[in-house]
Every structure is written in structure tokens, then in C-alpha cells.
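Enquirer: Please see the structure below; I have some questions.
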Amino acid sequence: MTVRVQRDDFDPGAELDALLAGRKDIGGVVSFVGLVRDFSDARNVGALTLEHYPGMTEKALAAIEAEALSRFDIQASLIVHRHGRMEPGERIVLVITASAHRGEAFRASEFLIDWLKTRAPFWKSEDTPDGPQWVEARAVDDAATERWS
Amino acid sequence: MKLLYFAWVRERTGVHEETWSLPEGVTTVRGLIGALSGRGPGFAHAFADLKQIRTAVNQETAKLDDPVSDADEVAFFPPMTGG
């Protein structure tokens, strides 16, 4: 059960291998990778910059992971979330969940990414043709968080 | 107390991090926001719409009526957009 916040990119395959090294109790692993798109609503996006709250971010991610552990029967998990400036196509976030059986891993993965959207102190700013624009929180993300409560 | 501002709250106030003395009589997040709003047009603009403001006290999500003290770290920011 690990949480990391970093500026650098990550290697999803290497992270997955490291998480599972030596494990014989895992029957299924789900990995989710969030990427920077080159579009958003009605505008082109040149790059994305993620600001965060050092200290609180790590605590919030650990709390979200602990919540997932209490709700789902998962045996291993990892959250890696980047901050700083990223170009379209770059990886932003990695969520890995591993369980004896796939169902719990799928559900825990979806729960984690839903909660990350609205409960981890990150703020996205997009470079657009009109200059940098803060990304507004989306009602659909709030709804996705709420469906787990 | 330590105050932190993020994203457009930081841009509007023009401050990322500062040490400030909690004014006498202010005991809640809401009261603190009221006091900060009086510091100038940038602060007033940042806190004009409380529905768009989220807060954390000592790095835990807080509500407007939660208590604050002069020993606290309080942060102000827009709704989070992680993931």
C-alpha cells in the first residue's frame, strides 16, 4: 500500500512488476493510467500544469487508499500522482489495485480514481490559445465520487 | 498562523504562503475569510464567492464553521481537480 507524489514520469510496467514481486496471493491486477489530452470541452490544450499542496496531498492520497482498503478486499495497491507541467500524451496518474479475485480489484480501482478527482488537493491549469485557464471542477466528477457514499 | 493559497485563490490574492496574526474575536474559518476579504481588492475578489472556496485546517478538509486558532495552518483553494 503505497502513495507517491512526484514531478517525474513513471513506468507503469515496472511499477506493476515491483508491486507484485514475490506475491503468490494475487489473482488479478487492475492498472489505470490517466493521460494529458490535447483537447478539453471546446478548446485546444497545449500543456497541463498541476499545482498541489505538498504535505496535504500525501496525507489525502493515503487516506483515500486507506478508505479503499476498508471497502474492498484488495491485497496490494499503489497510487502515483504527478505534479508540474505535462504535455499532451504524458502520464499524470497511476492507480494499481491487486486482489485474489478480479472483481474487488476493478471496483477498488474505480473507487480510487473517482475519489482522487475530487478529494486530492491538485489543481489543473490548461495552456489554451486564450492563455492559461484553470480547469473547473466537473459536476460529473462530483457525482462519480458521491455514488460511493 | 500560517496561511496558504492555491490555484486562482493564490493568483487573486497575490500570495502563496504567509504568516498572519489571527485577529481578536475571529474563531472560525468563515470569520477568517471575512477578515482576509478586508485586506484589499485582490483578497475581496478571491473570496467573493464562498461556494467556490474550499479550505483545509492543518491539512485536513474543513468547513466554514470549523474552528481556527492562531497556531493553525489554514489553506484556501478552489474545488480540487485531481486524477
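The values are calculated or read from the model by the stated rules, or taken from the named source; none is laboratory data. Please read all numbers here as calculations on a predicted model, not as lab measurements. FYI the Cβ positions are ideal-geometry reconstructions off the backbone, even for glycines, and counts take in every protein chain you see. Surface areas here come from the heavy atoms of the whole protein model, side chains and all, with no ligands, DNA or RNA. Shrake-Rupley method; radii C 1.70, N 1.55, O 1.52, S 1.80 Å.
Enquirer: Accessible area per residue for chain A in Å², computed with a 1.4 Å probe and the full protein assembly in place, what is it?
Expert: 49 Å²
Enquirer: From the Cα gyration tensor of segment B:2-77, with a ≥ b ≥ c the square roots of its eigenvalues, which class applies: rounded if a/c is under 1.5, or else prolate if a/b is larger than b/c, or else oblate?
Expert: Here segment B:2-77 falls in the rounded category.
Enquirer: Please report the net charge: other residues with Cβ closer than 11 Å to the Cβ of A:Ala100, K and R +1, D and E -1.
Expert: 0
Enquirer: What total accessible surface area, summed over both chains, is buried at the interface between chains B and A, computed with a 1.4 Å probe and given in Å² to the nearest 100?
Expert: Counting both chains, the buried surface is close to 1700 Å².
Enquirer: What is the sum of charges, Lys and Arg at +1 and Asp and Glu at -1, for the other residues whose Cβ falls under 10 Å from the Cβ of A:Val5?
Expert: It works out to a net charge of +2.
Enquirer: While we're here: Taking all pairs of different Cα atoms in chain A, averaging 1/r and flipping that mean, what Kirkwood radius in angstroms comes out?
Expert: 16.0 Å
Enquirer: Return one number: the angle in degrees, 0 to 90 and rounded to the nearest 10, between the long axis of the Cα atoms of helix A:102-119 and the longest principal axis of the Cα atoms of chain A.
Expert: 30 degrees
Enquirer: Which one, A:Gly131, A:Gly28, A:Gly46, has the greatest fluctuation when you compute a Gaussian network model over chain A with C-alpha springs under 10 angstrom?
Expert: A:Gly131
Enquirer: Further, regarding this structure: What number comes out for the charge environment of B:Gly42, summing +1 per Lys or Arg and -1 per Asp or Glu over other residues with Cβ under 12 Å away?
Expert: Residues near B:Gly42 contribute +2 overall.
Enquirer: Tell me the mean residue ellipticity at 222 nm calculated for chain A from its helices only (DSSP H runs of n ≥ 4, each -39500 (n - 2.57), averaged over every residue, nearest 500).
Expert: Helix contribution divided over all residues of chain A: -11000 deg cm²/dmol.
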